[in-house]
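Data block below; observations after.
The values are calculated or read from the model by the stated rules, or taken from the named source; none is laboratory data. All of these numbers come straight from a predicted model, not from anything done at the bench. Here Cβ is always computed from backbone atoms with ideal geometry, including for glycine, and neighbour counts include all displayed protein chains.
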Amino acid sequence: MKIALLFVALTLACCSQTPGTAETRGACSPANTGNQNTFNITCGIGKAQGDQMITILNTILANQMDTGAVLKLIEPRYLTEAQQRRIADAIRPYGGPAVPLLIGSHWNDPESTRVARQIRAAMNRAGIGLGPDQPIDLIGKFPQIPMGLWGGGIFEGVEIHEGVEVWGTGREAIAEALRSIGKIDATTPPLSKYPFRFNKDTLIAILVGTKPLLKP
């Protein structure tokens, strides 16, 4: 009987809750009043990253996964200064003023844009992409397709790549350095998967895609 009365009391307390004043602070802080409300949280992330977050949350709920382990998996990728120096040392044998670099990242994903800039800095430390008109910088611009006979504008497409993809001279060493030192998922896809319009035989090309999804 006591348990039943306690349940009824708690139910009445919850159901009788009235909206009040709510205030939070911070870039992603939600302020919510009332019951059973639906509200959006805007945190300045790109659409691709937002779609990933929805998939990840659904996977967590469906599989009752350990949230601590999941949070570790979805942390944004980041290369510290020390990691950039170590990566540069590892790939320096493939560098030199004559080695051109093309590096790009998705136009709608701020996280991949940030880590692409850090990878570019590591490449430059190794002497890669320091020649005239270098590097070919498509960071935050992939994919872009010129439109019209006279190039009348740019269409920014929705082709999504995951992880970091490397082509060209020293690609295996570069991918391994990013994996082992930078703790970043990096692969060397076949030439048939090369996504850029530039000549793939004369440069090192790197495409930084979105962070790989958490698999169910």
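How about region 174-195: which of its residues are closer than 19 Å to Tyr78 by Cα and either touching a Gly at 6+ places or on another chain (Cβ under 9 Å) or part of a helix (DSSP H, G or I) (or both)? Walk me through how you get there before you give the answer.
Filtering region 174-195 down to residues closer than 19 Å to Tyr78 by Cα leaves 174-187.
Matches in region 174-195: Ile174, Ala175, Glu176, Ala177, Leu178, Arg179, Ser180, Ile184, Asp185, Ala186, Thr187.
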Selection count where residues are among the hydrophobic types (A, V, I, L, M, F, W, C), surrounded by 15 or more Cβ atoms within 10 Å (Cβ to Cβ) and either assigned to a loop (DSSP other than H, G, I, E, B) or at pLDDT 75 or above (or both), scope region 43-64: 1
Inspect all residues belonging to region 125-147 and state whether any of them is part of a helix (DSSP H, G or I) and either on the phi < 0 side of the Ramachandran plot or modelled with pLDDT of 90 or more (or both). yes
Selection within region 76-114 - at pLDDT below 90, surrounded by fewer than 19 Cβ atoms within 10 Å (Cβ to Cβ) and of a type in the set (A, V, I, L, M, F, W, C): Ala98
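Quick one: is Val70 over 15 Å from the mean Cα position of the chain (by Cα) and at pLDDT below 85?
Working: over 15 Å from the mean Cα position of the chain (by Cα): yes; at pLDDT below 85: yes.
So Val70 passes the test.
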